[in-house]
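Below: one structure, written as structure tokens.
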Amino acid sequence: MLFRSVVELVGFPDHAPLSSAEAEDLLARAAAAGATPITTAKDAARLRGAEEPALRRLAEVAEVVEVDLEIDHPAALLDLVERALAAPRRRAG
């Protein structure tokens, strides 16, 4: 378990590609604050496999955390998913 002080929280949408400019910005912010970027294992793997040097550099310096999901009420979640699947789909546009 990590025990760190959060200096700044920067979030991105799930599955959103990170640009080189965004990676450079995160690296600069961390350096200015004397901080270490933190990312999930999933995103670290994506960063390590990137072609852009800034993304690979971010992967090299970032501390990686594992994220576990625990569902307190699985029946309620299943009900929610079943209702979502049964609902008529709306067309975009």
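The values are calculated or read from the model by the stated rules, or taken from the named source; none is laboratory data. Nothing here was measured: the structure is a model prediction, and the numbers come from that model. Counting neighbours? That spans all protein chains shown, and the Cβs are built from the backbone with ideal geometry, glycine included. Protein only, heavy atoms only, side chains kept; ligands, DNA and RNA dropped before computing areas. Shrake-Rupley method; radii C 1.70, N 1.55, O 1.52, S 1.80 Å.
Out of the residues in segment 51-64 meeting the condition of being more than 15 Å from the chain's Cα centre (by Cα) and not in a helix (DSSP H, G or I), tell me which one is surrounded by the most Cβ atoms within 10 Å (Cβ to Cβ). Looking at residues that are more than 15 Å from the chain's Cα centre (by Cα) and not in a helix (DSSP H, G or I), I get E52.
Restricting segment 29-48 to residues that are in a helix (DSSP H, G or I), of a type in the set (G, A, S) and over 12 Å from V10 (Cβ atoms), the residue that is least open to solvent (accessible area, probe 1.4 Å) is A44. All of (1) surrounded by 10 or more Cβ atoms within 10 Å (Cβ to Cβ); (2) not in a helix (DSSP H, G or I) hold for S5 with one exception: (1). Within segment 8-28, the set of residues being part of a loop (DSSP other than H, G, I, E, B) and either polar (S, T, N, Q) or out of contact with any helix residue (DSSP H, G or I) (no Cβ under 8 Å at 6 or more places or on another chain) (or both) comprises L9, G11, P13, D14, H15, A16, P17, S19. Hey, does segment 65-85 have a residue that's outside any helix (DSSP H, G or I), touching a helix residue (DSSP H, G or I) at 6+ places or on another chain (Cβ under 6 Å) and surrounded by 10 or more Cβ atoms within 10 Å (Cβ to Cβ)? No, segment 65-85 has no match at all. Just one of the listed residues (L69, L85) is at pLDDT 90 or above and either among the hydrophobic types (A, V, I, L, M, F, W, C) or touching a Phe, Trp or Tyr at 6+ places or on another chain (Cβ under 8 Å) (or both), and it is L85.
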